[in-house]
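A.B. asks: I have a structure I would like to understand better, so I am pasting it below and will then ask my questions one at a time.
The values are calculated or read from the model by the stated rules, or taken from the named source; none is laboratory data. Here the structure is a predicted model, which is why all the values come from computation and not from measurement. Cβ: placed from backbone, ideal geometry, glycine included. Neighbour counts: every protein chain shown. When the accessible area is computed, the model is the full protein with side chains, heavy atoms only, and any ligands, DNA or RNA have been set aside. Shrake-Rupley method; radii C 1.70, N 1.55, O 1.52, S 1.80 Å.
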Amino acid sequence: MLSLISKIIAPHSCIFCNTEGRTVCDGCFSQHITPRTQACVWCNRLDDTGRTCRSCRRHTPLLRLTTLLRLDEASERLIYALKYHGNREIAALLGRRLAQEIPDDVELITFVPSDGPALRRRGYNQAELIARTVSDELGVPIRPTLLRLRHTPQVGQSRQRRIEQTKGNFMIGGGALAGRRICIIDDVVTTGATLGECARVLRAAGVRSVSAATLARK
Ligand SMILES: [Zn+2]
Ligand SMILES: [Zn+2]
């Protein structure tokens, strides 16, 4: 466990094979990391661009979800290192790859805001770091559009329960948004309740369409 932790903390070696260089070497990336097939955020029906099915649109205001990786042991290790071990290089490494998957109709990039205590503890919001890389790669502006009012623990809850609990967690943070096509960035999507609630708030502020992009999904 200690050696695992020291590998994760060591800034310039591969967390899988310990080779000096980057956080994940190219060999380990292709060997351990599984791309995620794009699919509807609600029912998981396969779709090339991750569009929400017409029949699922009544359940979620998200137009589309783009995901880079399948959430498994290997990708969880990367995301854990990003969130809890200060390994910001992962946001750049995976953010660049995620940007390549995002359709080119996006006009503004935003991100799921952290709650205050998590932000103070970490000193950064991993979703924002990923979003900044995506924005740079795509040449699309980024803006913090949302404020988090509270954080509700979601572990182990059903999707319906999570959707109910997430209501009222966010508000618009200011600036004119009407008419834009916005993409919200987050690290991981599970039920889609958080992204759905962010999308609902943005749509209520007049945003034309809201899609999302995440590093990983089950
Ligand atoms: Zn390696
Ligand atoms: Zn669907």
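A.B. asks: Per 0.36 nm of contour for each residue apart, how much would the distance between Ala92 and Ser158 grow if the chain were fully extended, relative to their Cα-Cα spacing?
C.D. replies: Length difference between fully extended and current span is 20.5 nm.
A.B. asks: Determine the distance separating the Cα centre of segment 18-58 from the Cα centre of segment 82-119; give it in Å without decimals.
C.D. replies: So the two Cα centres are separated by 14 Å.
A.B. asks: Roughly what would the spin-label model give for Asn18 and His85, points 7 Å off Cα along C-beta, in nm?
C.D. replies: Distance between the two pseudo-spin positions: 1.3 nm.
A.B. asks: Quickly rank 172-180, 187-195 as a protection proxy: mean count of other C-beta atoms within 10 Å, highest first. Working shown, then result.
C.D. replies: Details: 172-180: 12.9, 187-195: 22.1.
So the peptides 172-180, 187-195, ranked by packing, come out 187-195, 172-180.
A.B. asks: Can I ask one more? Quick query: amide H of Arg51 versus all other amide H atoms, modeled in the peptide plane; which residues come in under 5 Å with a sequence gap of 5 or more or a different chain?
C.D. replies: Here Leu65 satisfy the definition.
A.B. asks: Compute the Kirkwood hydrodynamic radius of segment 33-217, taking the inverse of the mean of 1/r over all pairs of distinct Cα atoms, and give it in Å to one decimal.
C.D. replies: 16.3
A.B. asks: Ok, one more. If you stretched the chain out fully between Glu73 and Glu107, how much longer would it get, using 0.36 nm times the residue separation minus the C-alpha to C-alpha distance?
C.D. replies: Going from the current span to full extension adds 8.9 nm.
A.B. asks: Take the alpha-carbon centre of segment 168-214, take the same for segment 124-154, and report the distance between them in whole Å.
C.D. replies: If you average the Cα positions of each part, the centres end up 11 Å apart.
A.B. asks: Same structure, new question: Among residues other than Ile163 whose Cβ falls under 14 Å from its Cβ, what is the net charge (Lys/Arg +1, Asp/Glu -1)?
C.D. replies: +4
A.B. asks: I want the local charge near Arg208. Using Cβ-Cβ distances under 11 Å, sum +1 for each Lys or Arg and -1 for each Asp or Glu among the other residues. Don't jump to the answer; show the numbers that get you there.
C.D. replies: On the way: positive: Arg180, Arg181, Arg203; negative: Asp105, Glu107.
Net charge in that neighbourhood comes out at +1.
A.B. asks: What is the sum of charges around Thr191, taking Lys and Arg as +1, Asp and Glu as -1, for the other residues whose C-beta is under 15 Å from the C-beta of Thr191?
C.D. replies: +3
A.B. asks: Same structure again: Which percent, to the nearest 5, of DSSP beta bridges fully inside the chain are antiparallel?
C.D. replies: Rounded to the nearest five, the antiparallel share is 30 percent.
A.B. asks: From the phi angles alone, apply the Karplus equation (6.51, -1.76, 1.60; θ = phi - 60°) to segment 169-184 and give each ³J(HN,Hα) in whole Hz, x where the residue is Gly or Pro.
C.D. replies: Coupling constants for segment 169-184: 6, 10, 9, 5, x, x, x, 7, 10, 3, x, 8, 9, 10, 10, 8 Hz.
A.B. asks: Now for a separate question. If R₀ is 45 angstrom, what is the calculated FRET efficiency for the pair Thr49 and Arg121, using the beta carbon separation as r and rounding to 0.05?
C.D. replies: Result of the calculation: an efficiency of 0.80.
A.B. asks: Would you mind working out the accessible area per residue for segment 33-217, using a 1.4 Å probe, and quoting it in Å²?
C.D. replies: Accessible area per residue, segment 33-217: 46 Å².
A.B. asks: May I pose another question? Can you work out the FRET efficiency for the pair Thr34 and Ala178, with r the C-beta to C-beta distance and R0 = 45 Å, to the nearest 0.05?
C.D. replies: Once rounded, the FRET efficiency stands at 0.70.
A.B. asks: What are the residues whose amide H is under 5 Å from the amide H of Phe170, where those residues sit 5 or more places off or on another chain and H is modelled from the backbone?
C.D. replies: Leu149
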